[in-house]
Ligand code: PMP
């Protein structure tokens, strides 16, 4: 009986340790937010077999809102609650500019925690994402795609809309701009939760961590934690075509920057991969930049083939950024040889990408090989 009690206490303490940054409520009062984090790690067996390495994936798509962004959205909401800028059930609003998973996480959590989500996004965002956001009850404001230096760009539109409500003396509601790209809470929640979870799940045996960068929050937070635990853990940025981050990491140059007032075309990342790749430097990316050992470029064609390969060989139906990470994992395995333990993030499911990425991935050959992928 003592052993059972000790085990139970140990289990409870472990759970508390990794989730306490995300949830502080007692079990009876927990809602959907308590399901965020503590995501599983699995082995991608086909890629391990092929490379002689052990290749694992951290399943961020298992979060209740379907991606790693649940962690960030909850952390940003909690930070605003502590600062008394968000008060539950007062009609307070959360504004964010996002074409991706962050809006879905905010929409879900706004409902759960007593707020209204207002999402500004480019008007060419995929129909299934728009429908998902609307189904979740978010106010959706499509704007014309534009450069980050344009005041009507979706991030700027969200910032301005929040500021307008906040400045109105006749409007009793509070409005916050979540600002995932520049918000310190973003990389910190990955440092506090995602990084420690990976370290524990791997029993401290990890040679390489690989991820793309959207805001940069995941790679920065996880890199900081893992390097603190063991400075020899290799951090690899997986960068899609059209992104300037790989050049920045490998050669210290980027062909564009906000400071230089780029045009829309130069800011755009021309890829069917969604959620990663950028042609500007964000606060969150900068927090981890010096810890990234290497960037590996991945073409859209390679990502599409990898997505199909994982689906056919492993039953893993993943989004485009997960596929990019897996291509980079195989390239790393071949470059540095067998025996390495490599962890990638599977940020979201293929279901988020049906009308764009998976429309093309589906057309790839069922018998696609790794040689085809790397060709
Ligand atoms: N994959 C997907 C599908 C995403 O939506 C994002 C976030 N934009 C990322 C990866 C990258 O995460 P981060 O913003 O932490 O760099």
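For residue 57, indicate whether it is over 23 Å from residue 203 (Cα atoms), touching a helix residue (DSSP H, G or I) at 6+ places or on another chain (Cβ under 8 Å) and at pLDDT 95 or above.
So residue 57 fails the test.
Are any residues in region 68-102 assigned to a loop (DSSP other than H, G, I, E, B) and in contact (Cβ under 8 Å) with a residue 60 or more places away in the chain, and if so, which ones?
Result: 68, 85, 86, 87, 90, 91, 92, 98, 99, 100.
Scanning for something over 27 Å from residue 273 (Cβ atoms), at pLDDT below 95 and surrounded by fewer than 16 Cβ atoms within 10 Å (Cβ to Cβ), does region 210-228 turn up at least one residue?
no
Which of (1) within 15 Å of the ligand (Cβ to nearest atom); (2) assigned to a strand (DSSP E or B) does residue 324 not meet, given it meets every other one?
(2)
Filter region 87-108 down to the residues that are under 16 Å from residue 180 (Cα atoms) and away from the ligand (no atom under 16 Å from the Cβ) and list them by number.
Of everything in region 87-108, those that are under 16 Å from residue 180 (Cα atoms) and away from the ligand (no atom under 16 Å from the Cβ) turn out to be 93, 94, 95.
Given the conditions (1) more than 15 Å from the ligand (Cβ to nearest atom); (2) farther than 27 Å from residue 126 by Cβ; (3) part of a helix (DSSP H, G or I), which single one is not true for residue 311?
So residue 311 meets the others, but not (2).
What number of residues within region 304-326 satisfy the criterion of being surrounded by fewer than 20 Cβ atoms within 10 Å (Cβ to Cβ) and either in contact with a strand residue (DSSP E or B) (Cβ under 6 Å, 6 or more places away or on another chain) or more than 16 Å from residue 57 (Cα to Cα) (or both)?
Residues in region 304-326 being surrounded by fewer than 20 Cβ atoms within 10 Å (Cβ to Cβ) and either in contact with a strand residue (DSSP E or B) (Cβ under 6 Å, 6 or more places away or on another chain) or more than 16 Å from residue 57 (Cα to Cα) (or both): 1 in total.
Tell me, please, whether a residue that is over 15 Å from residue 345 (Cα atoms), touching a helix residue (DSSP H, G or I) at 6+ places or on another chain (Cβ under 9 Å), surrounded by 16 or more Cβ atoms within 10 Å (Cβ to Cβ) and at pLDDT 95 or above can be found in region 252-264.
Scanning region 252-264 turns up no residue that is over 15 Å from residue 345 (Cα atoms), touching a helix residue (DSSP H, G or I) at 6+ places or on another chain (Cβ under 9 Å), surrounded by 16 or more Cβ atoms within 10 Å (Cβ to Cβ) and at pLDDT 95 or above.
Can you tell me which residue among 91, 103 is closer than 22 Å to residue 322 by Cβ and at pLDDT 95 or above?
103
Anything in region 170-227 that is more than 21 Å from residue 323 (Cα to Cα), part of a loop (DSSP other than H, G, I, E, B) and within 14 Å of the ligand (Cβ to nearest atom)? List them, or say none.
Answer for region 170-227, where residues must be more than 21 Å from residue 323 (Cα to Cα), part of a loop (DSSP other than H, G, I, E, B) and within 14 Å of the ligand (Cβ to nearest atom): 178, 179, 180, 181, 182, 183.
Can you pull out every residue in region 327-375 that is within 14 Å of the ligand (Cβ to nearest atom) and surrounded by fewer than 16 Cβ atoms within 10 Å (Cβ to Cβ)?
Answer for region 327-375, where residues must be within 14 Å of the ligand (Cβ to nearest atom) and surrounded by fewer than 16 Cβ atoms within 10 Å (Cβ to Cβ): 351, 354.
Among the residues that make up region 274-297, is at least one of them closer than 26 Å to residue 69 by Cα, under 22 Å from the mean Cα position of the chain (by Cα) and without any contact (Cβ under 8 Å) to a residue 12 or more places away in the chain?
yes
Filtering region 40-59 down to residues that are within 16 Å of the ligand (Cβ to nearest atom) and crowded, with 24+ Cβ neighbours inside 10 Å, which residue is nearest to residue 332 (Cα to Cα)?
57
Please specify each residue of region 293-303 satisfying the condition of being surrounded by fewer than 24 Cβ atoms within 10 Å (Cβ to Cβ) and either in contact with a helix residue (DSSP H, G or I) (Cβ under 6 Å, 6 or more places away or on another chain) or part of a loop (DSSP other than H, G, I, E, B) (or both).
Scanning region 293-303 gives 293, 295, 296, 297, 299, 302.
The values are calculated or read from the model by the stated rules, or taken from the named source; none is laboratory data. Here the structure is a predicted model, which means the values were calculated and not measured. As a convention, Cβ positions derive from the backbone with ideal geometry for all residues, glycine included, and neighbour counts pool all protein chains shown.
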